[in-house]
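Trainee: This is the structure I want to talk about, given as structure tokens.
The values are calculated or read from the model by the stated rules, or taken from the named source; none is laboratory data. Just so it is clear, the structure is predicted and the values come from calculations on it, not from any experiment. Using ideal geometry, Cβ is built from the backbone for each residue, glycine included, and neighbour counts are taken over all protein chains shown. The protein model used for the area step is the full one, side chains on, heavy atoms only, and it has no ligands, DNA or RNA in it. Shrake-Rupley method; radii C 1.70, N 1.55, O 1.52, S 1.80 Å.
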Amino acid sequence: MKMSDRIIKWFFGVPGTIDEHVKAEIGEVSVKALIITFIFELVFNGSLYLYTSLVTITDFETLLYLVTMIQFIAILLIMGGFTTIVLKKRGVTTQEVVADDKRIVEKRLKHKWLRIAPIIFILYWILGTLFTLEGANFFSKIMDLKTMIGSFIFMIIFCPVMYFYEKGNIKVVQNDV
């Protein structure tokens with residue numbers, strides 16, 4: 001398998017083989033998402049320019065953080081949400097299994113998310129601590145019980161949600177043999 005196919009499988013969540021049809025569908029959806037992102041950026045930056053030219057800004061730092069957060073969330077929603085929804089509707093991300101193999105695939109998914117859970121906890125714990133230091137000592141902040149509990153709650157919510165999302169992409173097909 002080529003490296004580009006591996007990246008496509010990982011980034012878009014394609015469970016099966018990458019053939020020309022899948023590449024065409026992903027290409028079409030990606031171009032549409034890119035065009036929507038470009039239009040959003042034009043409208044957002046134009047309205048931001050109009051706002052900043054008409055209003056007296058006293059706190060540029062807060063404005064920068066707000067604008068950056070809005071752009072980041074919007075791009076994630078456009079690129080991630082739009083492509084995920086459209087590819088799911090077109091059946092590209094659906095995993096087709098025989099009825100006998102459904103339980104095995106679900107068990108693999110469960111084990112996969114159980115293996116990933118500690119990694120997600122640690123990543124969220126460290127990154128959450130780094131982004132909320134506020135001048136405090138890193139080691140005292142990371143050992144804070146509140147930080148650990150927040151990371152644990154995130155892991156407890158995120159992993160089952162992703163498991164059930166992937167489980168919902170499993171489609172049972174008839175065995176043609």
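Trainee: Taking the stretch 30-86, which residues are within 23 Å of LYS9 (Cβ to Cβ) and of a type in the set (D, E, K, R)?
Mentor: Correct list: LYS32 only.
Trainee: Filtering the stretch 113-152 down to residues that are open to solvent by 70 Å² or more (accessible area, probe 1.4 Å) and of a type in the set (D, E, K, R), which residue is farthest from the chain's Cα centre (by Cα)?
Mentor: This residue is GLU134.
Trainee: May I ask you to list the residues in the stretch 9-35 that are more than 15 Å from GLY91 (Cα to Cα) and either modelled with pLDDT of 85 or more or exposed (fewer than 11 other Cβ atoms within 10 Å of the Cβ) (or both)?
Mentor: Within the stretch 9-35, TRP10, SER30, VAL31, LYS32, ALA33, LEU34, ILE35 qualify.
Trainee: Taking THR94 as the residue in question, decide whether it is open to solvent by less than 90 Å² (accessible area, probe 1.4 Å), among the hydroxyl-bearing types (Ser, Thr, Tyr) and farther than 15 Å from VAL172 by Cα.
Mentor: In short, no.
Trainee: Checking the condition open to solvent by less than 60 Å² (accessible area, probe 1.4 Å) and either in contact (Cβ under 8 Å) with a residue 40 or more places away in the chain or over 18 Å from the mean Cα position of the chain (by Cα) (or both), which residue from VAL43, VAL67 passes?
Mentor: Going through VAL43, VAL67 in turn, just one is open to solvent by less than 60 Å² (accessible area, probe 1.4 Å) and either in contact (Cβ under 8 Å) with a residue 40 or more places away in the chain or over 18 Å from the mean Cα position of the chain (by Cα) (or both): VAL67.
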